1. Rank A:R18, A:R77, A:R60 by mean-square fluctuation in a GNM of chain A with C-alpha springs under 10 angstrom and give only the top-ranked residue.
2. How many times 2.2 N^0.38 Å is the alpha carbon radius of gyration of the stretch A:52-111?
3. What is the spin-label model distance, in nm, from B:T52 to B:L83 if the labels are put 7 Å beyond Cα along the C-beta direction?
4. Under 28 Å Cα-Cα from A:K42, which lysines qualify once same-chain neighbours fewer than 8 residues away are excluded?
5. Computed over the Cα atoms of chain B, what is the ratio Rg over Rh, Rh following Kirkwood?
6. For Cα pairs less than 8 Å apart in space and 6+ apart in sequence, what is the mean separation divided by the residue count of chain B, i.e. the relative contact order in percent?
7. Taking amide H positions as placed in the peptide plane 1.01 Å from N, state which residues far from B:V56 in sequence (5 or more) or on other chains have amide H under 5 Å from it.
8. Apply the Karplus curve 6.51 cos²θ - 1.76 cosθ + 1.60, θ = phi - 60°, to the phi angles in the stretch B:83-94 and return the couplings in whole Hz, x for Gly and Pro.
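What follows is calculated from the coordinates using simple rules that are stated; it is not laboratory data. Here the structure is a predicted model, which is why all the values come from computation and not from measurement. A quick note on method: Cβ atoms are made from the backbone with ideal geometry, for glycine too, and the neighbour counts reach across all protein chains shown.
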Amino acid sequence: QQNVQQSPESLIVPEGARTSLNCTFSDSASQYFWWYRQHSGKAPKALMSIFSNGEKEEGRFTIHLNKASLHFSLHIRDSQPSDSALYLCAVSMGGGYKVVFGSGTRLLVSP
Amino acid sequence: AQTIHQWPVAEIKAVGSPLSLGCTIKGKSSPNLYWYWQATGGTLQQLFYSITVGQVESVVQLNLSASRPKDDQFILSTEKLLLSHSGFYLCAWSLVDWASAETLYFGSGTRLTVL
């Protein structure tokens, strides 16, 4: 049974700061990894994905994956108040149509 | 462009009453379809998935059932609601190709309050 854990539970950072969010998973056979962002009262929306070890950058966002450590992370450069949201990591084994989410990190970026 | 429409937007129901929630996906043929449930401030819990019309797989037992009567429609229902059914219900679809794996595209959700 896949177990996905996120840390920290919540985070307050000043505008312009670098923010780091962490996700650990339990099944070493996991293949696909995502970060989703959910603004209050809205549906989650996929932010970034990574399917192989290493790093991927898209604008202010960078995702790192280390399968050996069962860990991946999201880094936000120059955090903005509009980045304030619930960030959910998600993991899939692939092919089984089961995507397991972490419990989320609530980020607040103060102006 | 693909669109996903969920209905209703919100429901307030009594314990023991029936429930039917639905979603429709337009602009994409034969998508994978999913139902997720999110307790207030809680984790997204996958409930069901479907890869084709008439076939639905249950992921967790919560006294709910799901059906896919048409290629573009997914229904979530129960005959008797429990207080624990309160929460945010999300329908999602994903592409069926290796490049995007199972990136989920969510509908706007239904907020259910059971009293």
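1. A:R60
2. Values: Rg = 13.4 Å, N = 60, 2.2 N^0.38 = 10.4 Å.
Scaled against compact globular proteins, the figure is 1.29.
3. Distance between label points: 4.4 nm.
4. Cross-link targets: A:K56, A:K98, B:K13, B:K26, B:K28, B:K70, B:K80.
5. On the way: Rg = 13.6 Å, Rh = 14.2 Å.
Taking Rg over the Kirkwood Rh, I get 0.96.
6. Values: 283 pairs, mean separation 39.8, N = 115.
Computed value for chain B: 35 percent relative contact order.
7. Amide H neighbours of B:V56: none.
8. For the stretch B:83-94, the Karplus curve yields 4, 5, 7, 4, x, 10, 9, 10, 9, 9, 10, 9 Hz.
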